[in-house]
Structures are given as structure tokens and as C-alpha cells.
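Asks: The structure that follows is given in the form of C-alpha cells.
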Amino acid sequence: MLLLTTDGGPDWSVMSWTVLLYPQRVFRCLDLDFLCLSNYTPGQSAFNPVEHTWSPKLSDVTFGAVLEGESVPPCSQNSISEKVRDANEKKLFTWV
């Protein structure tokens, strides 16, 4: 018997064939007698145990709007190329 609870994010959309077929494969490969999939909608975050598990770890994570030494965000800098802008935004949103 296996109960899976997911957070209802876009990676668990029932419109995806992977999401529909993968649980069947798990059921067959693990030789389960019972498989239950539970999914919380985005509007029910207060009741979602998956989000409650992650929230203490992510509560202090903040991303600045500008790189160190700059005063304007990369998306507002017209004088740089698109390639440089993408690289700067990647630096900005990389969590170490």
C-alpha cells in the first residue's frame, strides 16, 4: 500500500501523460495492492503538508533585485546585450 501526496504544482498536472502513466508503473513495479494519489490545489496552501514541510527551509530566502555594485536590475539595462542580461539574471537568481 502506498499513499502519495503532491503539492499540486505544474509538474503534477493531470494533462501530462507522464503524470498519468508513471503511477501505474510504480504500482506494477512495486507489486502494490493499493496506490492512492492525493493532490492539493494551489488555493489550499494552508492545508498542504508538502508546503508546510518546505516553508521553514525557504522562509529566509530572499533574492535582491540588483547585482552587487550595480544600481539597476539587469532587466532594465538597455545598454547590455541580451546574452549578458540573461547571464546577469542567472547570477541574480542563483541560490547557493
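Asks: Among the residues of the stretch 1-29, write down those that are part of a helix (DSSP H, G or I) and open to solvent by less than 60 Å² (accessible area, probe 1.4 Å). It would help to see each step written out before you state the result.
Replies: Just the residues of the stretch 1-29 that are part of a helix (DSSP H, G or I), to begin with: 10-12, 17-29.
The answer is V19, P23, V26.
Asks: Does E51 satisfy the criteria of being assigned to a helix (DSSP H, G or I) and either of a type outside the set (K, R) or at pLDDT 85 or above (or both)?
Replies: On the way: assigned to a helix (DSSP H, G or I): yes; either of a type outside the set (K, R) or at pLDDT 85 or above (or both): yes.
Against the criterion (assigned to a helix (DSSP H, G or I) and either of a type outside the set (K, R) or at pLDDT 85 or above (or both)), E51 qualifies.
Asks: Ok, one more. Does L32 satisfy the criteria of being at negative phi, open to solvent by less than 60 Å² (accessible area, probe 1.4 Å) and touching a residue at least 24 places away in the same chain (Cβ under 8 Å)?
Replies: For L32, the condition - at negative phi, open to solvent by less than 60 Å² (accessible area, probe 1.4 Å) and touching a residue at least 24 places away in the same chain (Cβ under 8 Å) - is met.
Asks: Right, another one. Taking the stretch 71-96, which residues are in a loop (DSSP other than H, G, I, E, B), out of contact with any Asp or Glu (no Cβ under 9 Å at 6 or more places or on another chain) and at pLDDT 85 or above?
Replies: Matches in the stretch 71-96: S71, V72, N78, S79, I80, S81.
Asks: In the stretch 35-48, which residues are open to solvent by less than 80 Å² (accessible area, probe 1.4 Å), hydrophobic (A, V, I, L, M, F, W, C) and assigned to a helix (DSSP H, G or I)?
Replies: Listed by number, the list holds a single entry, A46.
Asks: Taking the stated definitions as given, is K57 modelled with pLDDT of 80 or more and among the charged types (D, E, K, R)? Steps first, answer last, please.
Replies: On the way: modelled with pLDDT of 80 or more: no; among the charged types (D, E, K, R): yes.
Considered against the rule, which asks whether it is modelled with pLDDT of 80 or more and among the charged types (D, E, K, R), K57 comes out as no.
Asks: Next question. Please pick out the residue among L67, L3, L37 that is in contact (Cβ under 8 Å) with a residue 24 or more places away in the chain, of a type outside the set (K, R) and in contact with a Cys (Cβ under 7 Å, 6 or more places away or on another chain). I'd like the intermediate steps shown before the answer.
Replies: Numbers: L67 fails: in contact with a Cys (Cβ under 7 Å, 6 or more places away or on another chain); L37 fails: in contact with a Cys (Cβ under 7 Å, 6 or more places away or on another chain).
Sole residue among the options that is in contact (Cβ under 8 Å) with a residue 24 or more places away in the chain, of a type outside the set (K, R) and in contact with a Cys (Cβ under 7 Å, 6 or more places away or on another chain): L3.
The values are calculated or read from the model by the stated rules, or taken from the named source; none is laboratory data. Computed from a predicted structure; not experimentally measured. All Cβ positions, glycine included, derive from the backbone under ideal geometry; neighbour counts span all protein chains shown. Ligands, DNA and RNA are excluded from the accessible area calculation, which covers all protein heavy atoms including side chains. Shrake-Rupley method; radii C 1.70, N 1.55, O 1.52, S 1.80 Å.
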